[in-house]
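J.: First the structure, which I've put down as structure tokens, then a few questions once you've had a look.
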Amino acid sequence: MKNIFGTSHCLVGILLLALGAAGQVNAAGCTVSSSGLVFGSYQPLNSVGKLRSDPSTSSAIVSVICSGIVNGGAYRIALGPSMSGSGDRISTRYLTSARGGDGMAFNVYREASYSTVWGDGIVAGSPLGAALPPGNSSQSHTVYGRIPAGQSSLRAGNYFGSLTLTLSYQS
């Protein structure tokens with residue numbers, strides 16, 4: 001989209017894909033899901049006295065639902081890399097545009113201070129985790145997305161991506 005000053009705005013959304021835990025043969029089980037991040041409009045350019053590029057933020061709820069857990073235990077939720085970009089694609093993740101050009105840098109964090117990247121705990125970042133109580137339970141975590149300000153090489157258009165959630169648990 002173009003605004004009246006001729007600079008570009010970008011609309012951004014990301015879907016967090018969920019995978020259930022594998023390897024359980026009994027009736028006990030857990031699933032994970034996410035509401036997804038929607039950033040809305042992003043202003044990549046600065047123009048003295050007219051426009052200002054600010055970070056764009058969003059939050060999502062990640063839910064873990066478990067049933068039939070006999071002894072309790074713990075779970076962890078790893079968040080995989082972006083589908084595009086360079087490096088490990090977790091330390092900095094990227095959204096893509098159907099129009100091509102540079103990817104839009106962003107990341108997902110475990111807290112509102114944006115200090116701990118949510119990752120896989122192996123390549124980069126730190127997974128989410130919590131105690132797993134016996135019986136049936138439902139727990140939720142709020143996660144925070146942030147697009148850094150000043151990505152002036154981005155083309156106008158819609159940016160998108162998906163990330164994979166992997167839930168593992170031990171009971």
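J.: Just for strands (runs of 3 or more DSSP E) wholly inside the range 45-101: which have at least 2 residues that are in contact with a Gly (Cβ under 7 Å, 6 or more places away or on another chain) and either of a type in the set (Lys, Arg) or within 18 Å of ASP120 (Cα to Cα) (or both)?
T.: Correct list: 73-79, 93-97.
J.: Just one of ILE122, ILE147 is at pLDDT 95 or above, on the phi < 0 side of the Ramachandran plot and of a type in the set (Val, Ile, Thr); which is it? Spell out how you get there, then give the answer.
T.: Values: ILE122 fails: at pLDDT 95 or above.
After ruling out the rest, the residue left standing is ILE147.
Each row is one residue, and each column tells you yes or no for (1) surrounded by fewer than 15 Cβ atoms within 10 Å (Cβ to Cβ); (2) at pLDDT 95 or above; (3) closer than 17 Å to LEU37 by Cα.
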| residue | (1), (2), (3) |
| --- | --- |
| GLY72 | yes, no, no |
| ALA78 | no, yes, yes |
| GLY87 | yes, no, no |
| SER91 | yes, yes, no |
| SER97 | no, no, yes |
| GLY101 | yes, no, no |
| ASN107 | no, yes, yes |
| GLU111 | yes, yes, yes |
| VAL117 | no, yes, yes |
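J.: When you check LEU132 against the structure, is it farther than 15 Å from PRO55 by Cα, crowded, with 19+ Cβ neighbours inside 10 Å and modelled with pLDDT under 95, yes or no?
T.: Criteria met by LEU132.
The values are calculated or read from the model by the stated rules, or taken from the named source; none is laboratory data. What you see is a predicted model; the values in this text were computed from it and never measured. We place every Cβ from the backbone using ideal geometry, glycine too, and count neighbours over all the protein chains shown.
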